[in-house]
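Report on one structure; see the data block that follows.
The numbers here are math on the coordinates, done by the rules we state, and not lab data. Computed from a predicted model, the values in this text were never measured in an experiment. Here the Cβ is made from the backbone with ideal geometry for all residues, glycine too, and neighbour counts use every protein chain on show.
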Amino acid sequence: MLLTLLIPTMGAKAPFDSVYSSSPISIVIPSGYVEPVPLQGFSNVTTIQYEVQSNASISTALMTSMQFDSFNGSEGRVSDSIFDQNGTSSQRAFHLKQGLYYLVLWAYSEPANVTFNYEVLPVNPLQYGPESSPQPTGIASFGLYNDSGNLFPYAIRTSEIAGVASISSFSAYNATAYSANSTVSGATLQLNSMLVVQQENGLQNTYWCQDTPDFVTAAFKVAYADNIWNASLSGLLSNSSITSEGGDGTVTSFSVNGTTQYSYGYESANSTYSFPLNLVVLMKESVSPTVGVLVQMGLQVLENGSTRSTPVYWFDNATIHDSGAQGAYFLVSGNDTAPNGAFYDAEFVFGGEGNGESTSFPQMSASLGLFYAGQSNENLSAFPSYFSFGGDTAETADNLRVVYSGNGFSEVSVGFPDYLYLGRATGSFSLAVPSITTSTTSASTSGPSSNSGPTTRSSTAGSPSGNGGGIPEFPFQLAALSAFAILLVASYPLIKRRRLH
């Protein structure tokens, strides 16, 4: 009997897009039915790996699209696959060419409770085609070259990441911002990246780090905020496991789908800004043996109206206490996914003020650059390639357009969003003031261009970190399912097949 496979149409972007299902997907397959899981490989050096567990013997197979079409026909055989195995468990990895593949799970003799996860590498932030608005918008590196649609991954490991912003005008407006406990004219400019901490036992922990100027554009106020989130499947952040110099940063717990999560957060007092506003936003890590990893969040004001360049101001110095830490680095990689399914990307992007808010920008004229510390301490280097949107934060913009201008910079303006691969890049950037100063004073009482007037920012006590900084997309999908995987679990059809004899 020939039955038709119905592939669901992709809708809006899920809370987190990933090609990695780090938490297992559990399904029930009736006797004689097949569950096909489509897996798209975007490189001629694609890796597909999966793990399947079942309470009853099933057939697990990896098929090309042609093999699956034949198998889904009246005479197809599971043995015609790239690989097939009968049993209650299967764990395999394959190196394949670019194309569409299917992980086929067939309960050929009795009902089966099946749990599986999978990974397709290299990752592709545009794996389901063009992204829909809104998205975190600016400049980002995913560790990928995209040459005529074929992906080539690379990896950058660095101790320091910098976002360079030159803003001649911008304003934000969201009439419903209160629903996200945000300010109507609030917006963030987020520098985000994953921090990997290597352990002496060979394992590693992963943290998602944010350095986030938080603007109230109607009042020309800005506060400097940061967050550190646990991006590993295990591990717990607490006020003893991560501390702030001066004692101002704290760890807050919050519930996501009934599961308790934790994040570290800090936010400075308000400062006043004016145009032109030129900033360098910095994140830096260093390992202290037997103590842990110091994560410094900093800012350098290159121009604030008539005010010219100031030294780098480290407004927060947070220590992740980890006596077994042997090394650490910020990682950008197109051939890896974080333990929770997030991208290993670096992003410098505009978005809403906090709590997953999307906002519009009635005005925007800005140049954004994204750089990392290479072998030379004198200059920061451009990433080898860029995209016009970020992948890991939940705060977004709905009306910004990005054009790559070269040397690691993109131009951001009001316009119809177009989320693209911007291309390969070269270039470098030097800090205007070579000498870097480290603040040992509470950032709530001092900072660049500090303002002693009344605070005009609204309270964001409802945010997980207790500040106006951004939040990751991944905590809102604890199973770390891809958008396709969500639809697979929720709605893709069971396909009735004849049994093999």
To the nearest Å, what is the center-to-center distance of region 130-147 and region 306-331, using C-alpha atoms only?
26 Å
Would you grab the residues whose amide H sits under 5 Å from the one on Val37? Only those 5+ places off in sequence or on another chain, please, with H modelled 1.01 Å from N.
Leu103, Val104, Leu105
For Ser358, the residues 5 or more places away or on another chain with a placed amide H closer than 5 Å to its own amide H are Thr396
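Using the number of other C-beta atoms within 10 angstrom as an exposure proxy, rank Lys97, Lys284 with the fewest first. Working shown, then result.
Details: Lys97 11, Lys284 21.
Ascending number of Cβ neighbours within 10 Å: Lys97, Lys284.
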Multiplying the sequence separation of Asn113 and Arg308 by 0.36 nm and subtracting their Cα-Cα distance, what value in nm do you get?
63.7 nm
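Between Ser79 and Gln49, what length comes free when the chain is fully extended (0.36 nm per residue of separation minus the Cα-Cα distance, one decimal in nm)? It would help to have the intermediate numbers written out before the result.
Numbers: separation 30, 0.36 × 30 = 10.80 nm, distance 1.91 nm.
Taking 0.36 nm per residue and subtracting the Cα distance, the gain is 8.9 nm.
Taking other Cβ within 10 Å of each residue's Cβ, how do Asp84, Asp226 sort, fewest first? List each step's numbers first, then the result.
Values: Asp84 18, Asp226 29.
Ranked by crowding around the Cβ, least crowded first: Asp84, Asp226.
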Separation between the Ser31 and Thr88 pseudo-spin-labels, each 7 Å from Cα along Cα→Cβ, expressed in nm?
1.8 nm
Starting at the first residue of region 263-273, write each ³J(HN,Hα) from the Karplus equation 6.51 cos²θ - 1.76 cosθ + 1.60 with θ = phi - 60°, in whole Hz, x for Gly and Pro.
8, 8, x, 8, 8, 7, 6, 6, 10, 9, 10
Per the 1/(1 + (r/R0)^6) rule, R0 = 45 Å and r from the Cβ atoms of Ser255 and Ser171, FRET efficiency to 0.05 is 0.85
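When Ile82, Ile161 are ordered from fewest to most other Cβ atoms inside 10 Å of their Cβ, what list results? It would help to have the intermediate numbers written out before the result.
On the way: Ile82 15, Ile161 29.
With the fewest neighbours first, Ile82, Ile161 line up as Ile82, Ile161.
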